[in-house]
Amino acid sequence: MAYQPVSRELAHTQPSRTGVLLIHLGTPSAPEPGAIRRYLRPFLSDPRVVEVPRPIWWLILNLFILPLRPRKLVHPYQSVWSAEGSPLLAIGRRQRAGLAERLGLPVALAMTYGEPSLAQALDELEAQNVRRLLVWPLYPQYSATTTAAAYDGLFRELMRRRWVPEIRTLGQYHDDPGYIEALAASVRAHWAREGRGGHLLISFHSIPRRYLEQGDPYHCQCQKTARLLAAALGLGERDWTISFQSRLGNQPWLMPYTDQVVPQLAREGITRLDVICPGFSADCLETLEEVSLRYGEDFRAAGGQALRYIPALNDSPDHLEALSRLARLALQGLASESSAPEPERIAAVEPRLGCPVRHPR
């Protein structure tokens, strides 16, 4: 279907602007089966996310997963929902506002799957005459399943538009010193409030192992983030462990698996376990329900006393400052605010071309 632009008069006399597009993965609009199903369908249909032959996967998805899984996810989503709605969306909005304030530029928020959609975010930026755009999927570690999927969605949307902005992308920041220090500061603040636990578990979202074997850099970048964080905190080799969570299905995923490491640490005598998830720039179902609640229960059932989840960086000042610095570096070299064309030239030339301009006074 052809793109139908937002109805507005072309304003070629206005200065063009530089803007930022933040992209998160996505979230249901409500913790109920229909909304969860509408979110899962495009997410799990994306060949970047599930690399299974399409006919086979179509049958699995439509006959088994979509009819059953949304109902199973209602309670988990309800357990993390707040008065602001989805935690990922609420935090994403605060991140957008914080970056816009620090950068002094238009910043829009989009979800790869769900709303606000990429089309809605691009409309918002176009309405502000943004013609130069920094595209930033907020995943510190690059993976084809997340960062590349966000690019795919964006470029599909841009294919439907007449005037495509100049694009620059920021695809990874797993070893950025500001990001690492913000993570370390969040752990130190947690220890100052709660006391230091007996071990630090650094958990990342997992992906199928064959994606690594096919060249995805995600695993290596997770390892580097964990190593740099441990070094920044002055931890010894026995003080911390890296693991990978949220696996699905029976095929091998990145290991060790968090849901196996957590009870094992309890059985080894760790009574208080601190867990941080550096791959998530904002808290969501996988951190608030899976790690904090579900793995917390598993830890206690195995003999531990308390699993203390250290929140994602979210919209903390340290995080926003680190992101702002990264954005400024990425924006270097893009054209600055352009001036409007001279009124006399517009009046003399553009009417002959049939261009519906608005002449400045």
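The values are calculated or read from the model by the stated rules, or taken from the named source; none is laboratory data. Only a predicted model underlies this, so the values are computations on that prediction, with no experimental measurement involved. Note that each Cβ is placed from the backbone with ideal geometry, even for glycine, and that neighbours are counted across all protein chains shown. Ligands, DNA and RNA are stripped out before the accessible areas are found, and what is left, the full protein with its side chains, is counted by its heavy atoms. Shrake-Rupley method; radii C 1.70, N 1.55, O 1.52, S 1.80 Å.
Overview of results
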{"read-out": "Residue within the stretch 126-134 that is buried (at least 16 other Cβ atoms within 10 Å of the Cβ), at pLDDT 95 or above and in contact with a helix residue (DSSP H, G or I) (Cβ under 7 Å, 6 or more places away or on another chain) present", "value": "yes"}
{"read-out": "Restricting the stretch 179-208 to residues that are more than 30 Å from VAL52 (Cβ to Cβ) and part of a loop (DSSP other than H, G, I, E, B), the residue that is most open to solvent (accessible area, probe 1.4 Å)", "value": "ARG196"}
{"read-out": "Which listed residue, of GLU115, GLU101, GLU126, is more than 22 Å from LEU334 (Cβ to Cβ) and among the charged types (D, E, K, R)", "value": "GLU115"}
{"read-out": "Selection within the stretch 43-84 - more than 24 Å from the chain's Cα centre (by Cα) and among the polar types (S, T, N, Q)", "value": "ASN62"}
{"read-out": "Exclusive hit being charged (D, E, K, R), closer than 26 Å to GLY26 by Cα and modelled with pLDDT of 95 or more, set ASP318, ASP298", "value": "ASP318"}
{"read-out": "Selection from the stretch 60-93 of residues that are under 25 Å from ARG156 (Cα atoms) and without any contact (Cβ under 8 Å) to a residue 40 or more places away in the chain", "value": "LEU61, ASN62, LEU66, ARG93"}
{"read-out": "Output for the stretch 268-316, where each listed residue is of a type in the set (A, V, I, L, M) and in a strand (DSSP E or B)", "value": "LEU273, VAL275, ILE276, ALA306, LEU307, ILE310"}
{"read-out": "Positions within the stretch 256-270 being within 22 Å of PRO208 (Cα to Cα) and loosely packed, with under 15 Cβ neighbours inside 10 Å, in sequence order", "value": "PRO256, GLN260"}
{"read-out": "Sole exception among (1) surrounded by 18 or more Cβ atoms within 10 Å (Cβ to Cβ); (2) in contact (Cβ under 8 Å) with a residue 60 or more places away in the chain for ASP152, by number", "value": "(1)"}
{"read-out": "Residue within the stretch 94-109 that is in contact (Cβ under 8 Å) with a residue 12 or more places away in the chain and closer than 30 Å to GLN214 by Cα present", "value": "no"}
{"read-out": "Residue in the stretch 164-178 that is farthest from ALA148 (Cα to Cα), counting only those that are without any contact (Cβ under 8 Å) to a residue 40 or more places away in the chain and assigned to a strand (DSSP E or B)", "value": "ILE167"}
{"read-out": "Scan of the stretch 214-239 for residues that are surrounded by 20 or more Cβ atoms within 10 Å (Cβ to Cβ) and in contact with a His (Cβ under 8 Å, 6 or more places away or on another chain), ordered by number", "value": "GLN221, CYS222, THR225"}
{"read-out": "Selected residue [modelled with pLDDT under 95 and aliphatic (A, V, I, L, M)] from LEU248, LEU313, LEU273, LEU265", "value": "LEU248"}
{"read-out": "Any chance SER324 is at pLDDT 95 or above, open to solvent by 10 Å² or more (accessible area, probe 1.4 Å), among the polar types (S, T, N, Q) and not in a loop (DSSP other than H, G, I, E, B)", "value": "no"}
{"read-out": "Filter result (touching a Gly at 6+ places or on another chain (Cβ under 8 Å) and open to solvent by 10 Å² or more (accessible area, probe 1.4 Å)) within the stretch 276-307", "value": "ALA306, LEU307"}
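Okay, residues lined up against (1) of a type in the set (Val, Ile, Thr); (2) touching a Phe, Trp or Tyr at 6+ places or on another chain (Cβ under 9 Å); (3) modelled with pLDDT under 95:
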site: TRP57; (1), (2), (3): no, no, no
site: TYR77; (1), (2), (3): no, no, no
site: GLU115; (1), (2), (3): no, no, no
site: GLN120; (1), (2), (3): no, no, no
site: GLU124; (1), (2), (3): no, no, no
site: GLN141; (1), (2), (3): no, yes, no
site: THR145; (1), (2), (3): yes, yes, no
